[in-house]
Amino acid sequence: MAAREGNLEAPTRHPLDWKNPDFYNEDSLNEELERVYDICHGCRRCVSLCDAFPTLFDLVDESDTFEVDGVDKKDFVKVVDQCYLCDLCYMTKCPYTPPHEWNVDFPHLMLRAKAIKHKKGDFKTRDKILSATDKVGNLAGIPVVSTIVNAANENGLARKALQKVLGIHPDATVPKYHSKTGRKLLASTVEESKSTHADVKQAGRTTGKVAIFATCYGNRNEPHLLEDLGKVLRHNEIAVSLVDKEVCCGMPKLELGDLKSVEHAKNINIPEMVKKIDAGWDIIAPVPSCVLMFKQELPLMFPDDADVQKVKEHIFDPFEYLMLRHKEELLNIDFKKSLGKIAYHAACHLRVQNMGLKTRDLLQLVQDTTIETIERCSGHDGTYAVKEEFHEKSMKICRPVISKVQKSESDFYSSDCPMAGHQIANGMKDDSEPQHPLTLLRMAYGL
């Protein structure tokens, strides 16, 4: 019986069998890469998403056979290196994802290949440093050090040196570091909130009590996001606290293929989150990739861990949470200021959470405000866009987004992913700055 052409059902995800010894078998990997590459070659719907697929199709088209069997297996890794696990091929393009019998999960196949590369030690010192967000943030966040680091990042000669030593592209936007962390900025909001804990209202899946998982990026690089989030939550009569202890969610290590480090981070974060959940708190994180880590990647890596599954059910994107409250008529919609026209970039790791465009929906509630939604990848990926060998490709991927922002002639441009926002700004070349949706919402409330 012939295989049916494409899925008629929603894609599902199989657990990642990463502790099976065969997961790290290179011969087995190459067999699966060849099988999936052949399916991709015959379809090519995904060609516009990132550079992984053009790389694959060029290898095929330049081979002697014009088929995958003509591609040297040593070149398979060239495709892997271009994948930054945005997941869009799986969620928006591929017609052969499970439950289709061809069972194509391109991102997790790339993750398996990255894990094998990492286990072999096939990665650069730069990649290890870039993925060590806690260590780098703690060092760069020291008051004197942060001043020096931020100044160096703005200095052309220093950036050239950074390129030579670590392979960081001199034109890439790199995040600033702040000694006054987001957790410090939230301290007063958390303290003010304590007197209202007993007065909160449960609504549907939401308890009305939120423990914020600050994220390393929100804590050290853009602490104002946490301040904005805290102010917005309190304005909606939601109690606010912090997860008592946290480390990086593990996404940078996942993208490197360092799955053991992902497990180490999980072993610290999950018990702390469960402690808050068992005390009646929901969890919110301000960065989509971090939320996705706990909603999707960790549950697939640890399908039998009840605590991981518990966190999956109790962690939310900020706008997802607020719109759940709105459904129960508990969202404050007394906005003080219109926002005009917003060019809104829907981040990849937000889209793959399968919850719809809640940020757009909420901002559209603001009077005299219109949203132009852009559903294309920015090409940033946290580290991909800053590496010298990938930066120009990342900007090419972002070009359609930049073009739409420019053509929109909007009052603001915004993305749920703060790094994507800065990637767009890097391509605008006009000294404009992105405004995060949480900042826009705080502005609309007049806070």
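Where is the GNM fluctuation largest for the chain (alpha-carbon springs, 10 angstrom cutoff): Ile129, Ile277, Ile371?
Checking each option, the largest mean-square fluctuation is seen for Ile129.
Based solely on its DSSP helices, what 222 nm [θ] is calculated for the chain when runs of n ≥ 4 H residues each add -39,500 (n - 2.57) and the sum is averaged over all residues, nearest 500 deg cm²/dmol?
Working: 21 runs with 212 residues, N = 447.
Value at 222 nm, helices only: -14000 deg cm²/dmol.
Bin width 10 Å, origin at 0, all Cα-Cα pairs of the stretch 377-447: what percent of pairs per bin?
Per 10 Å bin, starting at zero, the Cα-Cα P(r) for the stretch 377-447 comes out as 21, 50, 24, 6, 0 percent.
Please go through the residue pairs Lys114/Lys387; Lys194/Lys327; Lys19/Lys310 and name each one whose alpha carbons sit more than 20 Å apart in this structure.
Lys194/Lys327; Lys19/Lys310
State the percentage of accessible surface on the stretch 3-73 attributable to carbon and sulfur atoms; use a 1.4 Å probe and exclude ligands, DNA and RNA.
48
For the stretch 332-435, with every protein chain kept in place, what is the accessible area per residue (1.4 Å probe, Å²)?
That works out to 43 Å² for each residue.
Could you work out what % of the accessible surface of the stretch 112-224 is carbon and sulfur, using a 1.4 angstrom probe and leaving DNA, RNA and ligands out of the count?
58
Could you pull out every residue, at least 5 positions away or on a different chain, whose amide H is within less than 5 Å of the one on Thr207? Hs are placed 1.01 Å off N in the peptide plane, and Pro or chain starts have none.
Asp282
Using θ = phi - 60° and the Karplus curve 6.51 cos²θ - 1.76 cosθ + 1.60, what whole-Hz ³J(HN,Hα) does each residue of the stretch 252-267 get, with Gly and Pro shown as x?
Running phi through 6.51 cos²θ - 1.76 cosθ + 1.60 with θ = phi - 60° gives x, 5, 4, 5, 7, x, 8, 6, 5, 5, 4, 5, 4, 5, 4, 5 Hz.
Distance between the C-alpha centers of the stretch 26-89 and the stretch 277-304? Whole Å please.
The distance from the Cα centre of the stretch 26-89 to that of the stretch 277-304 comes to 31 Å.
In Å², what does the accessible area per residue of the stretch 1-114 work out to with a 1.4 Å probe?
Ligands and nucleic acids excluded, the figure is 50 Å² per residue.
Along the stretch 417-433, what does the Karplus equation 6.51 cos²θ - 1.76 cosθ + 1.60 (θ = phi - 60°) give for ³J(HN,Hα), rounded to whole Hz, x for Gly and Pro?
Going residue by residue, I get 8, x, 5, 5, x, 6, 5, 4, 4, 4, x, 6, 6, 9, 6, 6, 10 Hz, with x marking Gly and Pro.
Under 5 Å between amide hydrogens, which residues at least 5 positions from Lys341 or on another chain qualify, with H placed 1.01 Å from N in the peptide plane?
Close amide H contacts, sequence-distant or interchain: Thr370, Asp411, Phe412.
In whole Å, how far is the Cα centre of the stretch 98-176 from that of the stretch 198-257?
Using only Cα atoms, the two centres lie 24 Å from each other.
Between Asp431 and Ser63, what FRET efficiency comes out of the Förster formula 1/(1 + (r/R0)^6) with R0 = 45 Å and r the beta carbon distance, rounded to 0.05? Let's see the in-between values first.
Values: r = 46 Å, r/R0 = 1.02.
Result of the calculation: an efficiency of 0.45.
Can you run phi through the Karplus equation (6.51, -1.76, 1.60; θ = phi - 60°) for the stretch 81-94 and list ³J(HN,Hα) in whole Hz, with x for Gly and Pro?
Taking θ as phi minus 60°, the curve returns 5, 8, 8, 10, 6, 6, 6, 5, 4, 5, 8, 10, 10, 6 Hz for the stretch 81-94.
Given axes a ≥ b ≥ c from the Cα gyration tensor, I'd like to know whether the stretch 286-360 is rounded (a/c under 1.5), prolate (a/b larger than b/c) or oblate.
Since a/c reaches 1.5 but b/c is at least a/b, the shape of the stretch 286-360 is classed as oblate.
Pick from Gly257, Gly230, Gly204 the residue whose mean-square fluctuation is largest in a GNM of the chain, springs joining Cα atoms under 10 Å.
Gly204
Taking the inverse of the average 1/r across all pairs of different Cα atoms in the stretch 1-96, what Kirkwood radius in Å do you get?
Evaluated on the stretch 1-96, it is 14.7 Å.
Taking the chain as the reference, fit the longest principal axis to its C-alpha atoms, fit the long axis of helix 52-61 to the helix C-alpha atoms, and give the angle between the two in degrees, 0 to 90, nearest 10.
Helix 52-61 and the main axis of the chain meet at about 10 degrees.
Of the DSSP beta bridges with both residues in the chain, give the percent that are antiparallel, rounding to the nearest 5. Don't skip to the answer; put the middle values down first.
On the way: 2 of 21 bridges.
Rounded to the nearest five, the antiparallel share is 10 percent.
Under Stokes-Einstein, with the Kirkwood radius over Cα pairs standing in for Rh, what whole-number D in µm²/s applies to the stretch 256-313 at 10 °C and 1.306 mPa s? Before the final figure, lay out the partial values.
Numbers: Rh = 11.7 Å.
After rounding, the answer is 136 µm²/s.
Out of all Cα-Cα pairs in the chain, roughly what percent, to the nearest whole number, are more than 38 Å apart?
22
The values are calculated or read from the model by the stated rules, or taken from the named source; none is laboratory data. Owing to the predicted nature of the structure, the values given are computational and were not obtained by experimental measurement. In this analysis, Cβ positions are derived from the backbone assuming ideal geometry, glycine residues included, and neighbour counts consider all displayed protein chains. To get the accessible areas, we keep the full protein, side chains included, count just its heavy atoms, and leave off ligands, DNA and RNA. Shrake-Rupley method; radii C 1.70, N 1.55, O 1.52, S 1.80 Å.
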